[in-house]
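Readers should treat all values here as calculations from the given coordinates under stated rules, not as data from a laboratory. No experiment lies behind these values; they were computed from the predicted model shown. Don't worry about glycine lacking a Cβ; one is built from the backbone with ideal geometry, like all the others, and counts go over all protein chains shown.
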Amino acid sequence: MPRLFWKLFFALWLSIMVFAGLVSWINQSVMLQQGMGMTARGFDDDFRQFRTRLLNDLKQGDEAQMGRTLRALPRAFRNHVLVVVPGGGELLGREHLLERLHHGPVRLHRQRFTSANGKVYTLVVVPRMPARALLEPGPRGFGLRLGVAALVAALVSFLLARYLAAPLGQLGIASRRLATGDLSVRVGAPLDQRRDEFGQLALDLDEMAQRLQTAQQANQRLLRDVSHELRSPLARLRVALEIGRNKDSGAVSAELDRIELECGRLETLVDEVLGLLRESGDSQALRVETFDLAEMLQDLVATVNYETAEGRDPVVLTATSALPFRGDRELLWRAFENLLRNALQHSAGSGPVEVKAAPCAGNQIQVDVEDSGPGIAEAHLSRIFEPFYRVDQARSRAGGGGSGGHGLGLAIAASAVRRNGGRITAANRRQGGLRMQVVLPADADASAA
């Protein structure tokens, strides 16, 4: 359980235990002061002395003296002794107590005495009942009472701490999912139905997530529409270029080549924007299948090495013989292809690109793509997977943070990895260069087979 739960639990439990201990100590002190703390045997011994004094007063027939003797008794004895005077009343006016004792389960001891003046008095004695173990005075009863208080305090503290800590845990899970980019998360019932600060916070968090999701969908829709609209003028521009080349006598050939180059760059940008929207869109269903990730990486490295220019170091793959994985193969192919091409662009002439794939702790697969380029400043490492983010100081516009220099290649790769249940991070190597680390959940069923 979270640490906040245990902090609340022990704070409440200790406060209740201190209060229970203080009350028990006060109760014990009062019992001892009033004589209720003595044993039944001690009570009987002392009661014989008071009874002797009372009988002497009864024989003399002095009711005023009898009343003073009764009032002088400690409360622990006084309520156990009643004197019925002639006429049926009680000497101290405790007829209600006498009536209640007559109808109670306690067996009363009665003894009649005739005073010197001939009046008949009845001495009613209520025997002392032995105290129960939980209520008896002394260390044993005190310890039992504290034990019961500890159990009750633990139950109350547990329920109250859970009532306070559970909503914070639920809100924390929702906020962490929001931080990872999952804008579809909602706190929901039963927390949003509470009528306290936690319920209001849940409603506010859900409303914020809804607004963020709406804004993200609007942005994606705008990018998608603009990208699609750009395709038509690009196509017409290419047609116009071809017509211009056919009519050109060579005077504007360089300008036409420049226009064609910029058209190609613009078309590449449109394709990457559409690719990012396609890979990051939740509406695009994954084509899940079980395949060998090591075999896929081997095919990808072979394809990239085939396209690599002569004279430069090839990509080196080090992988375990079999890495079963269940996910979208095509999506991961494009993700690792972007990572490889990004690594090749930034390690040109400075060393090889290495790909390492192996199982890791927690039934996962770790894939590292390492280059020998200049690396990236630590302040920018956490942002290179954002769309259109480029680090001009460390990497040139020709490859700043993604393929094609638009800052989209790594964003597409990160989105594809996340949609397959994995995570991607970047770190500078000690010997120079950048390491892209991808951790994916292994297919447990296929591994067992």
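What the table below lists for this structure:
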{"quantity": "Order of Tyr121, Tyr389 under a 10 Å beta carbon neighbour criterion, fewest first", "calculated": "Tyr389, Tyr121"}
{"quantity": "Stretchable slack from Leu203 to Trp6, in nm (0.36 nm times residue separation minus alpha-carbon distance)", "calculated": "68.3 nm"}
{"quantity": "Per-pair calculated FRET efficiency, R0 = 56 Å: Asp299 and Glu260 via Cβ, rounded to 0.05", "calculated": "0.95"}
{"quantity": "Residue-span extension gain [Thr320 to Ala179] - 0.36 nm each, minus C-alpha spacing", "calculated": "47.4 nm"}
{"quantity": "Reachable lysines, given that their alpha-carbon falls under 25 Å from the alpha-carbon of Lys119 and they are not under 8 places away in the same chain", "calculated": "Lys59"}
{"quantity": "Thr308 versus Leu160: modelled label distance in nm, points set 7 Å from Cα along the beta carbon direction", "calculated": "6.7 nm"}
{"quantity": "Per-residue Cβ neighbour rank within 10 angstrom, fewest leading, Asp192, Asp182", "calculated": "Asp182, Asp192"}
{"quantity": "Added length on full extension, which subtracts the Cα-Cα distance from 0.36 nm per residue, Phe113 to Leu92", "calculated": "5.8 nm"}
{"quantity": "Order of Asp443, Asp371 - criterion: other Cβ atoms within 10 Å of each residue's Cβ, fewest first", "calculated": "Asp443, Asp371"}
